[in-house]
Amino acid sequence: MKHYVFGLALLLPLVGTVAAQEAANPDLVKRGEYLVNAMGCHDCHTPLKMGPNGPEPDMSRGLSGHPQEIKITAPAVVSDPWIGASSATNTAHSGPWGVSFTANLTSDPETGVLRDYTEAQFLQMMRTGRKQGQGRAILPPMPWPPFGKLNDDDLKAIFAYLKQVPPIKNKVPDPIPPKQ
């Protein structure tokens with residue numbers, strides 16, 4: 001028993017260090033919240049609902065992406081002069097690329113898209129337009145090219161904020177490829 005107590009005593013400083021590293025700097029989180037709100041992330045990642053004056057963000061689903069209960073099975077038929085169409089929630093978008101669904105950016109450990117991202121992967125994603133900086137291409141209408149021009153401090157602030165957004169369990173579907 002003495003050995004277990006001694007081993008635990010040796011590990012406690014490490015646990016404290018890891019916890020301290022994971023605790024986000026409140027000023028960084030606040031800056032990230034400001035940027036997420038100012039840059040319009042809610043415009044696509046928070047589903048719209050019908051309010052008394054028309055469509056409005058459903059903040060009870062803030063940043064949770066395309067609602068899993070709304071099934072879309074094929075791209076919308078779009079013809080000239082139009083290049084795309086959006087769902088009523090503004091969370092699914094159809095065009096020559098097929099159908100893209102806005103991601104769940106909340107901290108949900110099962111369905112939040114950033115659950116497996118490191119800060120470095122997030123920065124790389126925003127700079128390259130590829131999931132985790134090396135996976136499949138991020139689809140329209142995600143405006144990653146201008147967001148990728150943000151400096152490292154701003155991108156790190158956005159990541160810190162998104163990692164602490166309250167979790168909302170919402171499994172967003174995979175993209176639907178274009179019809180051949």
Evaluate the stretch 67-79: report whether one residue or more is farther than 26 Å from K156 by Cβ, touching a Pro at 6+ places or on another chain (Cβ under 7 Å) and in contact (Cβ under 8 Å) with a residue 60 or more places away in the chain. yes
Cβ-Cβ below 7 Å, separation at least six or inter-chain, first residue in the stretch 26-50 and more than 15 Å from L63 (Cβ to Cβ), second open to solvent by 20 Å² or more (accessible area, probe 1.4 Å) and not acidic (D, E): which pairs? L28/K156
Every residue from the stretch 97-109 that is within 26 Å of P167 (Cα to Cα) and either over 13 Å from the mean Cα position of the chain (by Cα) or of a type in the set (S, T, Y) (or both): V99, S100, T102, T106, S107
Looking for something assigned to a strand (DSSP E or B) and at positive phi - is there at least one such residue anywhere in the stretch 124-138? no
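Here are P166, P177: which of them is touching a Gly at 6+ places or on another chain (Cβ under 7 Å) and in contact (Cβ under 8 Å) with a residue 60 or more places away in the chain?
P177
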Which of the residues spanning the stretch 149-180 are of a type in the set (S, T, N, Q), at pLDDT 95 or above and either exposed (fewer than 13 other Cβ atoms within 10 Å of the Cβ) or part of a helix (DSSP H, G or I) (or both)? N151
Keeping to the stretch 75-96, report how many residues are out of contact with any strand residue (DSSP E or B) (no Cβ under 7 Å at 6 or more places or on another chain), more than 27 Å from V165 (Cα to Cα) and assigned to a loop (DSSP other than H, G, I, E, B). 6
Mind listing whichever residues of the stretch 80-112 are free of Cβ contacts under 8 Å to residues at least 12 places away in the same chain and farther than 21 Å from A137 by Cα? D80, P81, W82
In the stretch 69-117, anything open to solvent by 80 Å² or more (accessible area, probe 1.4 Å) and closer than 27 Å to N37 by Cβ is listed as E69, A88, P109, E110, R115, D116
Output the residue which, of all residues in the stretch 33-56 that are touching a Ser or Thr at 6+ places or on another chain (Cβ under 8 Å) and of a type outside the set (V, I, T), is most open to solvent (accessible area, probe 1.4 Å). K49
Sole exception among (1) part of a loop (DSSP other than H, G, I, E, B); (2) within 18 Å of D153 (Cβ to Cβ) for P109, by number: (2)
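The values are calculated or read from the model by the stated rules, or taken from the named source; none is laboratory data. These numbers were taken from a predicted model, which means no experiment stands behind them. Using ideal geometry, Cβ is built from the backbone for each residue, glycine included, and neighbour counts are taken over all protein chains shown. Protein only, heavy atoms only, side chains kept; ligands, DNA and RNA dropped before computing areas. Shrake-Rupley method; radii C 1.70, N 1.55, O 1.52, S 1.80 Å.
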